[in-house]
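Okay, so here's the structure we're looking at.
The values are calculated or read from the model by the stated rules, or taken from the named source; none is laboratory data. This is a predicted model, so every value here is computed, not measured. Please note: Cβ atoms are built from the backbone with ideal geometry, for glycine as well, and neighbour counts cover all protein chains shown. The area values use the complete protein model at the heavy-atom level, side chains included, leaving out ligands, DNA and RNA. Shrake-Rupley method; radii C 1.70, N 1.55, O 1.52, S 1.80 Å.
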Amino acid sequence: MKTYRQEIVIYTLAALAILSAVWYFFGKMKESKEVVQTDLFSLTAPDPYAILTVNRPATFARMILAKPLIYQAFSSEIPEIYLSILKKNTDIPSFQLSFHPAGTILYAKADRSTAERIESEILRDTFNSFAPQKQTKDGIVFTYFPDTNNRFFGFYRHNGVWVASYSKKLLEEVAAIQRNNKNYITKEQETLCKTLDRNAPLNLLIKSEKLDLYTRTSDSCQWRVSDRWLGADLFESEGNICYFSSLPYHEPADTLYRTVADTLSARLEQQFPQLHITCQFYEENGKFYYTGCTD
């Protein structure tokens, strides 16, 4: 009888171990599926003025690490903590940054182990003065690390997506988008996004007002590219950072589009004085195409 009871205990423990392994396996499969299927673009918080998608984190990390001037250009627009996360997690499938008047948001496709690694190896080392604070809202746990100047770096992870921002308001807006399965992407943004090359290391969407593209038609008049979104693919070529973009061709504005290339070069150099960017253009199949590279 004693031997029989021992066998029951052993079989029960073995069954529990097998069930636990199966549960863990299917849980990891479900989590991996969530990470792969999630579209970060659809989670963009309302009213951004620019959206940067990092399709190839390893290439992006190599580009910014190897070239100090290019790193300075990116760090002038992207908080240093985001760049640290990007550089040290090149195995993550994709990242996105959206830029808003209230701050910048970092989105990443990350499973639980990756999220825990970011917190333990980067965040706790960077923000080591005080213990993080945790808040739960509508079932989502938000973690906030105190930083300098009374700022708090916050993040959460939900359904295979890790989201971070210095703006609590923006962070909670993204969480609400996930919970309610509702996005704020406009038709123009969606259409423009589909024209970009997802094989490029980076895709950029930016409101034309941020670039202030215009050219003079006379002493008192200006022609301006305004009230629209512009898209560009960013890539590396012969050690330089380059972009490729386009605008619809309108015959009456032919000569004006040609001078916009010079204005674009000037605007980029004003924004990023570390870089000298040469721009070119050509017209084909009803569109003007603009390309540019750092020297």
Task: Charged-residue dipole, Cβ positions (Lys, Arg, Asp, Glu), segment 110-158 about Cα centre, Debye nearest 20 - done: 140
Open item on the list: Greater than 30 Å separation of Cα atoms is the criterion. Which listed pairs, Lys109/Lys168; Lys88/Lys134; Lys67/Lys187, meet it?
Closed with: Lys67/Lys187
Task: For Phe153, residues with placed amide H under 5 Å, excluding near neighbours - done: Phe145, Asp147
Open item on the list: Let me spell out the model: positive unit charges on the Cβ of Lys and Arg, negative unit charges on the Cβ of Asp and Glu, origin at the Cα centre of segment 70-194. What dipole size does that give, in debye rounded to 20?
Closed with: 280
Open item on the list: Positive end of the dipole of segment 70-135, charges at C-beta (+1 Lys, Arg; -1 Asp, Glu), about the Cα centre: which of Ile78, Asn89, Gln133 has its Cα farthest in that direction?
Closed with: Gln133
TODO: Leaving ligands, DNA and RNA out of it, report the carbon-plus-sulfur percent of the accessible area of segment 41-84 at a 1.4 Å probe.
DONE: 58
Open item on the list: Can you find, among Leu192, Leu170, Gly160, the residue sitting farthest towards the positive end of the charge dipole of segment 119-192, where Lys and Arg contribute +1 and Asp and Glu -1 at Cβ?
Closed with: Leu170
